[in-house]
Amino acid sequence: MEARARACANIALAKYWGKADVKRNLPAVPSISMTLDQLVTETKVRFDPALDADTVRLDGRRASTEEAARVSTMLDRIRREAKLRHFARVSSHNHFPTAAGLASSASGFAALAAAASAAAGLRHSPRRLSALARASSASAARSIYGGFVELPAGRKGMGDLAARPIAPPTHWNLRLIVAQTIPGQKKVGSTEGMERSRRTSPFYDSWLDRAPKWCRTIKRAIKQRDLDALGEAMEQSTLAFHCCAITSNPPIFYWAPETLVALETVRGLRERGISAWATMDAGPHVKTLCDASDAARVRQALDRTAGVTRTWVTKPGPEVEVHR
Ligand code: DP6
């Protein structure tokens, strides 16, 4: 009754922001991502008859009440399905800073879904694992698969929704350079941020209307390996979702001044003829997509940018891996 899983984070090229159904955690817009090989979560789950509660450790510390509750909600689903009554010991290790807009919930819940299902004796297909991960954190649905992945939009009240692969990691030799600006945890979690945007941003409806078109453009660009077309739509998608966050009430600024400085670096690279394109999640860090052959120059430019504290170079990564 023990299993381990390893899942990679992913970067949304077309962003998910907003829910069609909060209770079932169904996204209101389709999204597309690239799984990232360097940003890995490893999780071990053991169901143990001797326990009288779930115990959850994250990076060697005890999980907070909220974190542990989110983990137990997923474990409850698995226990119901496996007809299992035992509590579980969960320990999870992130090989990158958590909750800093570096999508650790995606790799975290993907690894948990895979490890806990296997430990409970369930032999889930990737599709089932993806739907299970999605119920806890929608971006996690995409981390079950490697390479390039899409998650369709949901509709209120619908049952299952899972991500599906578009192309394997070998399809396109891209690099994503993560530039960390300010360290620390994000201020408003994405679940809360997207609900506030839905309720209060005057631009939310335009976002819902426009997001599927960027998604279609990005999917086509991936198939054709057209980095300029992908990059342009990707930047519009991220700026539009940040526009919803910034125009929420009260406003949510995920950006730091350093974010804009790094964005200027990326624009400057393009002026020098390098196809480099930026995206941001619910945090201040800037992630730049480029061809593998340009990665060293892009990284060097970001390393030299005032306010950038650290960079990582990642490439299209593999699907979730389970060890029983
Ligand atoms: C900005 O998947 O963290 O990173 O479903 O509420 O857990 P929940 O949200 P989450 O949101 C990710 C938002 C994003 C864009 C993206 O990854 O698509």
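Sorting Tyr204, Tyr16 by the number of Cβ atoms found within 10 Å of their own Cβ, with the fewest placed first, yields Tyr204, Tyr16.
Based on the Cβ-Cβ distance of Arg123 and Lys223, what FRET efficiency does E = 1/(1 + (r/R0)^6) give at R0 = 51 Å, to the nearest 0.05? Given R0 = 51 Å and the Cβ-Cβ separation, E is 0.95.
Annotation for segment 113-152: trypsin sites (Lys or Arg not before Pro) lying in DSSP loop with at most 12 further Cβ atoms inside 10 Å of their Cβ are Arg123.
The alpha carbon centroids of segment 288-323 and segment 8-69 are separated by 23 Å. Protection proxy ranking for 298-304, 60-66, 152-158, using the average of other Cβ atoms within 10 Å per residue and placing the highest first: 298-304, 152-158, 60-66.
When Phe109, Phe203, Phe253, Phe47 are sorted by how many other C-beta atoms sit within 10 angstrom of their C-beta, beginning with the fewest, the order is Phe253, Phe203, Phe47, Phe109.
Restricting attention to the chain, lysine pairs at least eight places apart or on different chains and with alpha-carbon atoms under 20 angstrom apart total 20.
What you get for segment 154-207, charging only the Cβ of Lys and Arg (+1) and of Asp and Glu (-1), is a dipole of about 60 debye around the Cα centre. DSSP beta bridges confined to the chain are antiparallel in about 90 percent of cases. For the peptides 225-235, 80-90, the ranking by mean Cβ contacts within 10 Å, running from highest to lowest, is 225-235, 80-90. Could you pull out every residue, at least 5 positions away or on a different chain, whose amide H is within less than 5 Å of the one on Ile166? Hs are placed 1.01 Å off N in the peptide plane, and Pro or chain starts have none. Result for Ile166 returns Phe148, Val149, Glu150. Relative to the dominant Cα principal axis of the chain, helix 65-82 is inclined by about 60°. For segment 83-171, the relative contact order works out to 23 percent when only alpha carbon pairs closer than 8 Å and six or more residues apart are counted.
A simple spin-label model places the labels of Arg310 and Arg297 2.8 nm from each other, with each point 7 Å out along Cα-to-Cβ. Diffusion coefficient (Stokes-Einstein, Kirkwood radius over C-alpha pairs, 10 °C, 1.306 mPa s) for segment 241-307: 126 µm²/s, rounded to a whole number. Using only the C-alpha atoms, the convex hull of segment 2-171 corresponds to 107 Å³ per residue.
Normalised by residue number, the volume inside the convex hull of the Cα atoms of the chain is 119 Å³ per residue. Principal-axis analysis of the Cα atoms of the chain puts helix 104-119 at an angle of about 30° to the longest axis.
Mind pulling the angle between the C-alpha long axis of helix 126-136 and the longest principal axis of the chain? Nearest 10 degrees, somewhere in 0 to 90. That helix lies at roughly 80 degrees to the long axis. In order along segment 29-40, the phi-based Karplus estimate (6.51 cos²θ - 1.76 cosθ + 1.60, θ = phi - 60°) of 3J(HN,Hα) comes to 10, x, 9, 9, 9, 10, 6, 10, 5, 8, 9, 10 Hz; Gly and Pro are listed as x.
Sorted fewest first by neighbouring Cβ atoms within 10 angstrom, Arg324, Arg272, Arg77 come out as Arg272, Arg324, Arg77.
Treat segment 174-314 as a sphere of radius equal to its Kirkwood radius over Cα pairs and apply Stokes-Einstein at 25 °C in a medium of 0.890 mPa s; give the translational diffusion coefficient in µm²/s, rounded to a whole number.
Working: Rh = 15.6 Å.
Roughly 157 µm²/s, to the nearest whole number.
Every read-out reported here was derived from the displayed coordinates using simple, explicitly stated rules and does not represent laboratory data. Keep in mind that what you see is a predicted model, and the values were worked out from it rather than measured. Ideal geometry is used to build each Cβ from the backbone, glycine not excepted, and the neighbour counts take in all protein chains shown.
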